[in-house]
1. Within region B:42-68, restricting attention to residues that are surrounded by 22 or more Cβ atoms within 10 Å (Cβ to Cβ) and under 26 Å from B:Tyr293 (Cα atoms), which residue is farthest from the chain's Cα centre (by Cα)?
2. Might you check whether a residue that is crowded, with 17+ Cβ neighbours inside 10 Å, farther than 30 Å from A:Met313 by Cα and not assigned by TED's automatic domain parsing to the domain that holds A:Leu64 occurs anywhere in region A:183-193?
3. Name the helices (runs of 4 or more DSSP H) wholly within region A:236-339 that hold at least 2 residues that are of a type in the set (A, V, I, L, M, F, W, C) and under 19 Å from A:Glu108 (Cα atoms)?
4. Take A:Met179 and tell me if it is under 24 Å from B:Leu210 (Cα atoms) and either more than 13 Å from chain B (Cβ to nearest Cβ) or modelled with pLDDT of 95 or more (or both).
5. Considering only strands (runs of 3 or more DSSP E) fully contained in region B:248-320, which possess at least 1 residues that are in contact with a strand residue (DSSP E or B) (Cβ under 6 Å, 6 or more places away or on another chain) and small (Gly, Ala, Ser)?
6. Could you grab me the full set of residues in region A:296-322 that are within 14 Å of another protein chain (Cβ to nearest Cβ) and touching a helix residue (DSSP H, G or I) at 6+ places or on another chain (Cβ under 9 Å)?
7. Which residues, taken from region A:139-176, are within 12 Å of chain B (Cβ to nearest Cβ), within 27 Å of A:Ser308 (Cα to Cα), assigned to a helix (DSSP H, G or I) and of a type in the set (A, V, I, L, M, F, W, C)?
8. State which residue is surrounded by the fewest Cβ atoms within 10 Å (Cβ to Cβ) when the search covers only region B:113-141 and only residues that are touching a Gly at 6+ places or on another chain (Cβ under 9 Å) and under 23 Å from B:Val313 (Cβ atoms).
Amino acid sequence: MQSQWIADKVLELYPYEVEQIELQVMRPKETVWTVATDEGEKVLRQRATLPERMLFYAEAHWHLQQRQFPIAPLCRTKNGGLCVAGGEQAYALYDAVSGKEVGYYNVEQLENAFEFLGLFHAASQQFSPSSKAKKRNRLGKWPKAYTWKLQELSGYKKMAAAFADDPFSVLFFEAADAMIAAAEEATKQLESDAYAEWTAGPNRWTGFIHKDISLSHLIETEETMMMSYLPAVVIDLPVRDIQVLLHKIMKKMAVWDEELAARLLQAYHRVHPLTDDQYRLLEAELLFPHLFASVARKYYLKAKDNWSDEKYMWEIQTAITVERSKQDALRRTPLPSLL
Amino acid sequence: MKIAMIATEKLPVPPIRGGATQIYLDATAAIMARKHDVTVLSIRDRDLPDVEKNKNGVSYRRFSQETYIQEVANHLRTETYDVIHVCNRPRWIRHIREASPDSALVLSIHNEMFRDDKISYAEGVDCINAVKQIVTVSDYIKMTICDRFPQAIGKVATVYSGVDVETFQPKWTAQGEKIYAAIRRELGLEGRKVVLFVGRLSKVKGAHLLLEALPSIIKKHPEAVIVFVGSKWFGDNEVNSYVRYLYTLGAMYENNAMFIQFVKPEQIPQLYTMADLFVCPSQWQEPLARVHYEAMAAGLPIITSNRGGNPEVIENGKNGYIVKDFSNPEAYAALINKLFDEPSSSIQMGKYGRQKVEREFNWEVVAAKLLRAYGEERG
């Protein structure tokens, strides 16, 4: 009831007649309502974040909208505000959009998703948040992050070595040296001029990325693909999003499908072509064993209460298969030659 | 001189809620007030009056956090000061210059506030033109300003921060000896070789590298133990994934790694006293961590990473060692083992560090240097 009361209060700040409010999702850091209004169905999203941070997301959303990127339109308050601050919570309202879900097993849809991702990155460029917005910026921070993840992997290897009777640790330990070597190779590749130029200096990247892109964030309407809600974007290189989405897809396939990866990268390239040097940075990002490291973190830090031992075993086996087949493919065929 | 010192909008002065810049302002204000009329402006706090004068003769005025800089400017329009010291907020200089056009403005910079994501080039130039002097807490911070704004070179000088040397007791003093024995007894560390880490438990502070170094240390010195003092943030004992990583890795060496989360600030000096050496494995370019002054004051040899301003207070081989290969755990292990192998040289280094801090980094020295930056004649 309290959440309904809060939604009512926030919606009073918008120029719509509210007909009905329905609570959709309530998570520890996020609550979502659907709102029927005299101007159609809207979505109200509450995030446990600083209002200045929400303003950054909302300004990014508005930036995309101004550039005709297909995203659920953001609604402005009666005073013209892009979002609403309320203590330690912040709110944004946008139009509800409906359409077909995008699936992982339809190659054509996957290609569309990669074209869409290219479109998103192209539209995100020249973003200049206001001084009131609290920026999220990861430009130039990959070397440090890679170094930390490498150190973390080496820590898990020590733990695995101590648990010789634990099947997960046995599998992890067997693969660890090769994964650490790949991570070191990826870290070395970041020492290139291309990374420095793309993250600093006059020709640096001026856009933002989704950071946690997945197909569930997209819907297909009759005319186009659309982003259905305001993402918690971050200023970072677009190859991070490509890496994340490729990994999500390949994990579903349980192996790195070289041919599919080429098709998806070609789809991206048609809309937002990168230079050969930039694709080499994507190579580094793909070479880094993100999947392997992520499963190890979850296991050793007990991050997933609801994962069984079998689930963990399946996850580490899949991660190792995807990582190995991906590393072989990358060593066999440099990415720029696929485009 | 009539001096105003303006704290940031983060925390009140005196530093009842902590804060490195608040400690710095309060300690130097008390010394300056012996000869000068000093007022410290800071944010309001429920446990402090809005206006007061303390026993050291320092006046305090406190304003609302939400409208802090506007209220500070209003105050400066009604009260004239010879010198206004602005702490770590270069973008406030134009408001202060406008409110008090005839005062000499001195800006102290405690971290990378002149970086391009903190201040625009035009604002930076205006700020540099408006101030009489900029003092930085390290040469590293000075360099971050002068690299971007070469026109600032003549106005920027390093004034290292300081420590209250009386608060820290090296173990070779009579009082230190008692603290050493009592704290070791309390923690069950009698007869152990103790490495101390004090700081926030975050990746950039590098505590994980010490855990990684442990096997090589234990191999040579099985009685070694690393004591980690701190949490995610001091006073915030929530466990995030990094802290969980440290605890998990640390649990593998339960006899050689100890985490102390819950500690009152006033207990920290005693933890320094009971240690044998101090390590700062910072991975980020930090301005110059206060822990170096504290460890020196407690008579500990220091091993620090070659990052930011940290190595500036280390004379390599005299009061400690600088680790160039700062992300390599074995580099720390080798130096820790070296100090454990040579206890008499370790004690000598600690004594040299204590002399150095008494000579160069006590608050009297810091206050005298600040007064010179304000324009007071030498002597």
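The values are calculated or read from the model by the stated rules, or taken from the named source; none is laboratory data. Quick caveat, the model's predicted, so the values are computed rather than measured. FYI the Cβ positions are ideal-geometry reconstructions off the backbone, even for glycines, and counts take in every protein chain you see.
1. Checked region B:42-68; the qualifying residue farthest from the chain's Cα centre (by Cα) is B:Val58.
2. Checked against the condition, which is being crowded, with 17+ Cβ neighbours inside 10 Å, farther than 30 Å from A:Met313 by Cα and not assigned by TED's automatic domain parsing to the domain that holds A:Leu64, region A:183-193 yields at least one hit.
3. Output list reads A:238-253, A:258-271.
4. Yes: the conditions hold for A:Met179.
5. The qualifying strands (runs of 3 or more DSSP E) are B:257-260, B:302-305.
6. A:Ala296, A:Arg297, A:Lys298, A:Tyr299, A:Tyr300, A:Leu301, A:Lys302, A:Ala303, A:Lys304
7. Passing the criteria: A:Leu150, A:Leu153, A:Met159, A:Ala160, A:Ala161, A:Ala162.
8. Per the criteria, the residue is B:Asp139.
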